[in-house]
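The values are calculated or read from the model by the stated rules, or taken from the named source; none is laboratory data. None of the values given here were measured: they were computed from a predicted structure. Cβ placement follows ideal geometry from the backbone for every residue including glycine, while neighbour counts extend to all protein chains displayed. What goes into the accessible areas is simple: the full protein's heavy atoms, side chains included, and nothing from ligands, DNA or RNA. Shrake-Rupley method; radii C 1.70, N 1.55, O 1.52, S 1.80 Å.
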Amino acid sequence: WQQNIRYLMGRPVGVSLMNGQGVSGILCNVYNGEIYLMEYLYQSQFATKHYPFQMIQDIHPFPNC
């Protein structure tokens, strides 16, 4: 996934984490060994969360409808 990370910037992605959890959102940035993901919280609230590379198993772009 790391070789395709620049192609995924600004796109909706699903992220599978090493602990078996998954998160999804818009990939906003990659900096200093971390990804920054804009995630939906509730109502009209969003949050940018960051995940270190070592926590990430894989990243996939959302498919077309």
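Has the stretch 35-51 got at least one residue that is in contact with a helix residue (DSSP H, G or I) (Cβ under 7 Å, 6 or more places away or on another chain), in contact (Cβ under 8 Å) with a residue 24 or more places away in the chain and not small (G, A, S)? There is no residue in the stretch 35-51 that is in contact with a helix residue (DSSP H, G or I) (Cβ under 7 Å, 6 or more places away or on another chain), in contact (Cβ under 8 Å) with a residue 24 or more places away in the chain and not small (G, A, S). Count of the stretch 17-26 residues, restricted to those that are under 9 Å from the mean Cα position of the chain (by Cα) and open to solvent by 20 Å² or more (accessible area, probe 1.4 Å), is 3. Entry remark, the stretch 34-65: residues being surrounded by 10 or more Cβ atoms within 10 Å (Cβ to Cβ) and either of a type outside the set (D, E, K, R) or under 17 Å from Q2 (Cβ atoms) (or both) number 21 in total.
N29 passes every criterion in (1) closer than 15 Å to W1 by Cα; (2) open to solvent by less than 50 Å² (accessible area, probe 1.4 Å); (3) without any contact (Cβ under 8 Å) to a residue 24 or more places away in the chain apart from (2).
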